[in-house]
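Chemist: What follows is a single structure, and I will ask about it in a moment.
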Amino acid sequence: SASPATLDTVMERIRPGVRNESPYLVGAPPRAEVKLNQNESPYDLPPALKAELIETLNDLAFNRYPAEQPSDLAEALAVHNDVSPEQVLVGNGSNELTYLFGLAFIAPDTPVVLPAPMFSLYEKVARLHDADLTTIPPRDDLHFDIDALVAAVTRTNAAMTVLTTPNNPTGLALPPSDLERVLQATPGIVVIDEAYVEFNEHPPATELLDAYPNLIILRTLSKAFGLAGLRLGYLMAHESVVTELMKARLPFMVDRFSEAVGRTVLQHPDLLNERVQQLKAHTRHLVDALSARSDVTTVPTQANFVLFAPQTKHADAVQDALAERGVLVRNMGGYDALQGYLRVCAGTETENKAFLDALDAVL
Ligand code: PMP
């Protein structure tokens, strides 16, 4: 007869693919005086709008399930992007939808190709599903190596590849011609993550949806829309692809309040535009100030953040010294290609000044 479980036998039941992972941790206190480490918007909703939304809480039945899939919000997002509602799938943050890609496209040993450096969740999803993962190192200027990526996607017959544009953590964006090169090179799925699309100078990838049934675009309301705390993201794809992805999807992932807030925010395009313009100006100011320093190198950005490398002091020490002054930035040393790099996102004018003053004091 079987012996009872011990902690060891329980641990052995957990797939090695899971046990070998590390949890996703930002590794910083959730609050700081000047928090510029997670590419969030520094702007919460205007108090009047927030008060209006809190009023609507009274009309929301907490005891009833939300829609299996939030079709009203999907519809509003479809209008926002000039696609059909059947092409939209809303998620509990876009992070949640990356797990759907794993479930739908990656069986053990499925070839997956990812350029580096890239938002780390994609690699995690590929590993968790035991993909046969090929990582493509960047060019010397940190741009994705599209030639090598296309070659690898073809050679491995990749089931999925991912492009992030503008890319996190570099801020570099791909021209539409590069996106099309990859889409044309492979019959596999090409995810284009446009989390920072509102800051991009290139046109959005939605204009490629009609021509490429293998294209999935990922978006979030966590950045320009300023809703990171509520968890709303979405994807856009061919409606037949969305229909299939629905089958793998958990129901009820978007709660009633998040849906209501998402719909309200989409009714205020002027607010979004105004904030995007402000954040673009703030980012330009950060880039100008950092570029003016001879003791720092910066990477050109098309997002709401800037990657920079202190030249005279170790990045870890600079990060710590900034934190001691209440300023949080992200350390990118965990990426092979980004040793010595820190990433700072645009905050309010006051926050940016506090960051630049603290950097002055530290360097
Ligand atoms: N994609 C990229 C490229 C990101 O940088 C982020 C945020 N770190 C996300 C997706 C996750 O966004 P969400 O808050 O919608 O899960």
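Chemist: Any idea how far the Cα center of the stretch 161-195 sits from the one of the stretch 332-363, in Å?
Modeler: Using only Cα atoms to place each centre, the spacing works out to 26 Å.
Chemist: Report the residue, chosen from F252, F101, F305, that carries the largest GNM mean-square fluctuation when the chain is represented by alpha-carbon nodes joined by springs under 10 Å.
Modeler: F252
Chemist: Let me ask another. Would you order I146, I192 from fewest to most other beta-carbon atoms within 10 Å of each residue's own beta-carbon?
Modeler: Sorted ascending by nearby Cβ count, the order is I146, I192.
Chemist: List the GluC sites (Glu not before Pro) within the stretch 190-229 that fall in a DSSP loop (any state other than H, G, I, E or B) and whose Cβ has at most 15 other Cβ atoms within 10 Å.
Modeler: Sparse-neighbourhood loop GluC sites (Glu not before Pro): E201.
Chemist: Ok, one more. Roughly what % antiparallel, to the nearest 5, for the DSSP beta bridges in the stretch 61-268?
Modeler: Percentage antiparallel, nearest 5: 35.
Chemist: Once you've got the GNM for the chain with C-alpha springs shorter than 10 Å, pick whichever of Y24, Y99, Y335 has the biggest mean-square fluctuation.
Modeler: Y24
Chemist: May I pose another question? How big is the antiparallel share of DSSP beta bridges in the chain, given as a percent to the nearest 5?
Modeler: DSSP beta bridges in the chain are roughly 50 percent antiparallel.
Chemist: Dipole size in debye (nearest 20) for the stretch 61-268 around its Cα centre, Lys and Arg Cβ +1, Asp and Glu Cβ -1?
Modeler: Here the stretch 61-268 has a charge dipole of around 580 debye.
Chemist: Between beta-carbons, use under 15 Å as the cut-off and find the net charge around A51, counting Lys and Arg +1, Asp and Glu -1.
Modeler: Once all neighbours under 15 Å are counted, the net charge is -3.
Chemist: By DSSP, what percent of the beta bridges with both residues in the stretch 181-325 are antiparallel, rounded to the nearest 5?
Modeler: 65
Chemist: Still on this structure, I have one more. Mean-square fluctuation check for the chain, GNM, Cα pairs under 10 Å: which of L208, L266, L60 is largest?
Modeler: Per the Cα network of the chain with a 10 Å cutoff, L60 tops the list.
Chemist: Let me ask something else about it. Rounded to two decimals, what is the ratio between the C-alpha radius of gyration of the chain and 2.2 N^0.38 Å?
Modeler: Against the compact-globule rule of thumb, the ratio is 1.03.
Chemist: Cα centroid distance between the stretch 4-55 and the stretch 277-304, in Å?
Modeler: 28
Chemist: Mind putting a number on the dipole of the chain about its Cα centre? Charges go on the C-beta only, +1 for Lys and Arg and -1 for Asp and Glu, and I need it in Debye to the nearest 20.
Modeler: For this selection, approximately 640 debye.
Rule-based calculations on the coordinates, nothing more; no lab input. Just so it is clear, the structure is predicted and the values come from calculations on it, not from any experiment. Every residue, glycine as well, gets a Cβ built from its backbone with ideal geometry; the counts of neighbours run over all protein chains shown.
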